[in-house]
Amino acid sequence: TTGEMELAHKVIGLQKRISTAPPLTAVTYSILIKGYGRLKNGVMIDEIIRRAVSNEIVPDIIMFNSIIDAYIRCDMMEQAKFVFQSMTSSSSSSFEQLYGETNAPRSTLRSTCQPDAQTYN
């Protein structure tokens, strides 16, 4: 529910303010992306991805699969296609096309992941 997502954001905000808390990872962002996908909230999916990129999170296969699944749930097929293409290309162009307005280093926008069985499912 929307209330659960608000609570998740509060926990993440608290985690960022406590110096001894473990760092946010691709798993953290994957959970948020999946949640917003279930709520069919494409605007927040884009926002979470932008935050991940600006925090220099390098997407792993789980995060990429979460992004693709969330976009499909929101009927945002072009975005899902661009993310998939960024996984299968050595270039970062398709991911940058979606999230290029960030000032993140190019390396965080490039995928080192290859699609797996879950990606094609």
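The values are calculated or read from the model by the stated rules, or taken from the named source; none is laboratory data. None of the values given here were measured: they were computed from a predicted structure. These accessible areas exclude ligands, DNA and RNA; they are computed on the full protein's heavy atoms, side chains included. Shrake-Rupley method; radii C 1.70, N 1.55, O 1.52, S 1.80 Å.
Fully extending the segment from ARG50 to THR1 would add 15.5 nm, taking 0.36 nm per residue of separation and subtracting the current Cα-Cα distance. The tail of the calculated P(r) for the range 1-64, taken as Cα-Cα distances beyond 14 Å, holds 58 percent of the pairs. Cross-link partners for LYS16 among the lysines, with Cα-Cα distance under 24 Å and sequence neighbours closer than 8 places in the same chain left out: LYS34. Accessible surface comparison of THR1, THR28, probe 1.4 Å, protein chains only, largest first: the order is THR1, THR28. Residue order by solvent-accessible surface for SER86, SER54, SER19 is SER19, SER54, SER86, largest first, with ligands and nucleic acids left out and a 1.4 Å probe. Carbon and sulfur: what percent of the range 1-87's accessible surface (1.4 Å probe)? With neighbouring chains kept in place, the figure for the range 1-87 is 59 percent.
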